[in-house]
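Read the structure below first, then the notes.
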Amino acid sequence: MKIAIGCDHGGYELKTKIVKYLEDHGYRYSDFGCSSSTKSVDYPDIAFPVAEAVASGKYDRGILVCGTGIGVSICANRVKGVRCALCSDPVSAELTRKHNDSNVLALGGRIIGSKVAEAIVSKWLSTEFEGGRHERRLTKIAGYTPGSYSGPDSSSGGFGSHGGSHSSGSSHHSIHSSSGLHGSRSGAHSHHSGGSGHDGSSSK
Ligand code: RB5
């Protein structure tokens, strides 16, 4: 497995720990920078090259670190073919491999400690994609282009009895705010069927 790794200044310290982890465990990697925690670097300048290196197939996986992990994950997820997961715990790291087949991992250098980061990286690198029903969902993501989403198909079972049904691609769902103002977003769902909100390792 070939890994592309990169960071901005906010992620530099944590990246050095992860690089050591990769070396200690025999992983092949290329460091896309940066090389200092004091010289400011714009995270898109690191995140896009790492994400493109993975999308092109030159690298199997990418690891990106910035202060929060959020900036690099936003960038990486704009690159077609990249499924970037921002993780702050090993359970999410395991489930995003099993369910999302994530190929880029984002970490927040100012959010998590190095031992937690190592546990996340270890799980993420060693867990296989489960396929099955998750494959169908990834196919939907891969096939999406702006404006192309037209609602659930029969294979996914719809939204259940109280979910908003889509009609001819022009559905609007109200978003209720505490101020009493109502906004609406095309294609946004203000509630979900099914309850607990915690997928865990269940069979959903
Ligand atoms: C850099 O100060 C910081 O904004 C960056 O590392 C990251 O947290 C952005 O999402």
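The values are calculated or read from the model by the stated rules, or taken from the named source; none is laboratory data. Just so you know, these numbers come straight off a predicted model, no measurement behind them. Note: ideal-geometry Cβ built from the backbone for every residue, glycine included; neighbour counts use all protein chains shown. These accessible areas exclude ligands, DNA and RNA; they are computed on the full protein's heavy atoms, side chains included. Shrake-Rupley method; radii C 1.70, N 1.55, O 1.52, S 1.80 Å.
Please work out if Ala55 is among the small types (Gly, Ala, Ser) and either buried (at least 21 other Cβ atoms within 10 Å of the Cβ) or under 21 Å from Ser122 (Cα atoms) (or both). Reasoning before the result, please.
Details: among the small types (Gly, Ala, Ser): yes; either buried (at least 21 other Cβ atoms within 10 Å of the Cβ) or under 21 Å from Ser122 (Cα atoms) (or both): no.
No, not satisfied.
Looking at (1) more than 16 Å from the ligand (Cβ to nearest atom); (2) open to solvent by 60 Å² or more (accessible area, probe 1.4 Å); (3) basic (Lys, Arg), which is the one condition that is false for Lys39?
(1)
Residue check: is Thr68 of a type outside the set (Asp, Glu), farther than 21 Å from Phe129 by Cβ, within 13 Å of the ligand (Cβ to nearest atom) and open to solvent by 80 Å² or more (accessible area, probe 1.4 Å)? Step through it out loud before you land on a result.
Numbers: of a type outside the set (Asp, Glu): yes; farther than 21 Å from Phe129 by Cβ: yes; within 13 Å of the ligand (Cβ to nearest atom): yes; open to solvent by 80 Å² or more (accessible area, probe 1.4 Å): no.
So Thr68 does not fit the description; no.
Among the residues of the stretch 103-134, which ones are within 16 Å of the chain's Cα centre (by Cα), surrounded by fewer than 16 Cβ atoms within 10 Å (Cβ to Cβ) and charged (D, E, K, R)?
Across the stretch 103-134, the qualifying residue is only Glu128.
Could we say that Tyr59 is away from the ligand (no atom under 16 Å from the Cβ) and touching a Ser or Thr at 6+ places or on another chain (Cβ under 9 Å) here?
Working: away from the ligand (no atom under 16 Å from the Cβ): yes; touching a Ser or Thr at 6+ places or on another chain (Cβ under 9 Å): yes.
In short, yes.
Quick check on the stretch 14-29. Is at least one of its residues away from the ligand (no atom under 16 Å from the Cβ) and surrounded by 22 or more Cβ atoms within 10 Å (Cβ to Cβ)?
Checking the stretch 14-29: not a single residue is away from the ligand (no atom under 16 Å from the Cβ) and surrounded by 22 or more Cβ atoms within 10 Å (Cβ to Cβ).
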